[in-house]
1. Identify the single condition in (1) within 16 Å of the ligand (Cβ to nearest atom); (2) in contact with a strand residue (DSSP E or B) (Cβ under 7 Å, 6 or more places away or on another chain); (3) under 28 Å from Ser114 (Cα atoms) that Leu29 does not satisfy, given that it satisfies every other one.
2. Scan the stretch 243-262 and report the pairs whose first residue is closer than 21 Å to Ser194 by Cα and basic (Lys, Arg) and whose second residue is part of a loop (DSSP other than H, G, I, E, B) and near the ligand (Cβ under 10 Å from one of its atoms), with Cβ atoms within less than 6 Å and a gap of 6+ or a chain change.
3. Can you pull out the residues in the stretch 190-205 that are closer than 17 Å to Glu155 by Cα and surrounded by fewer than 20 Cβ atoms within 10 Å (Cβ to Cβ)?
4. Got a number for residues in the stretch 89-101 being hydrophobic (A, V, I, L, M, F, W, C) and assigned to a helix (DSSP H, G or I)?
5. Given the options Thr99, Thr173, name the one that is in contact (Cβ under 8 Å) with a residue 12 or more places away in the chain and assigned by TED's automatic domain parsing to the domain that holds Glu292.
6. Name the single residue that is nearest to Lys27 (Cα to Cα) among those in the stretch 276-296 being touching a residue at least 24 places away in the same chain (Cβ under 8 Å) and more than 16 Å from the ligand (Cβ to nearest atom).
7. Being within 13 Å of the ligand (Cβ to nearest atom) and either surrounded by 21 or more Cβ atoms within 10 Å (Cβ to Cβ) or in contact (Cβ under 8 Å) with a residue 24 or more places away in the chain (or both): is that true of Ile167 here?
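The values are calculated or read from the model by the stated rules, or taken from the named source; none is laboratory data. Predicted model only: the values in this text are computed from it and were never measured. As a convention, Cβ positions derive from the backbone with ideal geometry for all residues, glycine included, and neighbour counts pool all protein chains shown.
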Amino acid sequence: MLSASPNINQSLDHPLLEKMGIDLAVKRLDLIHPEVSGNKFFKLKYNLKNAQDDQTPKILTFGGAYSNHIQAVAAACKLLHIPCVGIIRGEETLPLNPTLSAAKSNGMQLHYLSRSAYKTKAKPEFLEDLKNKFGEFSLIPEGGTNQLAIKGASEILTEEDYQFDFITVAMGTGGTMAGILEALSPNQTAIGFSSLKGDFIKDEFQSLINQHQIHQKAEFIIETSYHFGGYAKFQQALIEFIWWFYEQFGINLDPIYTGKHFYGIWDLIKKGFFPNGTKILSIHTGGLQGIEGFTERTGIKLPTPSK
Ligand SMILES: *Cc1c(COP(=O)(O)O)cnc(C)c1O
């Protein structure tokens, strides 16, 4: 089973927080494991444990060419000696970008699918084809969200986290948010910051929690105004915020998820959304592996953690 360093909350000090009477702490999941970082550690934990119980364990999963999920599956499978296949959206581009080259050197077998074929990937015939090609496997869906992932994510919060009024997190599929919601106590509220454009995520999240029968004891809010143009899109203000945040607190943020989440929480604090005396815990979900590929793609430099 994957094991991690203790999951640590870091309190932030800043004149704005003092002025508004806010306690803000960051749960540093970016630091829990050198390779299987952030929320992906929790989402994979039970999926991989389950696969290990198979006679001939093998994982197959899907993702985009810069996906944190693909990188994390490859690294975790290497540690646990589980063979794995990554079905990647789009044509192969050489040289491989940093995410795929890390996945490949960790032993992941990469298989590329055109964008149109990728759309049909959930069809039974297609899965049948994959079984013929790669043999039996446990499937982890794109983004990694399923029942076992939600169970893993429900372990992100620990005993000491019940002192906080708000727990905030970045959202893609919402799997992590679902796990957190399950773990909340009734006097707490979760806020999910969507990195995708549009309100559709609210319905999707509702179906996700219905489908997985999340026992919802607490309130939640989904914030859809901090997407900066949509998934993997960005604006100069986001880049500047990521640099500013690093200079203030020494914490690295990625431009796809955590940068948008922390921009959003800081903006809400600034606007006086939270009453004086509020205690907030914001979860740093990792994703820092993606920075190198982002810089390669856009020419924009961002602070990166020292290795
Ligand atoms: C994958 C990912 C998310 C989104 O997690 P979901 O469970 O899909 O909502 C958030 N932050 C980071 C850094 C991620 O890699």
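1. (3)
2. Every condition considered, the pairs that remain are Lys260/Ser195.
3. Passing the criteria: none in range.
4. Here the count works out to 1.
5. Working: Thr99 fails: assigned by TED's automatic domain parsing to the domain that holds Glu292.
The match here is Thr173.
6. Among those residues, the one meeting the criterion is Ile280.
7. Against the criterion (within 13 Å of the ligand (Cβ to nearest atom) and either surrounded by 21 or more Cβ atoms within 10 Å (Cβ to Cβ) or in contact (Cβ under 8 Å) with a residue 24 or more places away in the chain (or both)), Ile167 does not qualify.
Each row is one residue, and each column tells you yes or no for (1) under 23 Å from Asn68 (Cβ atoms); (2) aromatic (Phe, Trp, Tyr); (3) within 13 Å of the ligand (Cβ to nearest atom).
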residue	(1), (2), (3)
Ile180	yes, no, yes
Asn187	no, no, no
Asp199	no, no, no
Phe205	yes, yes, yes
Ala218	no, no, no
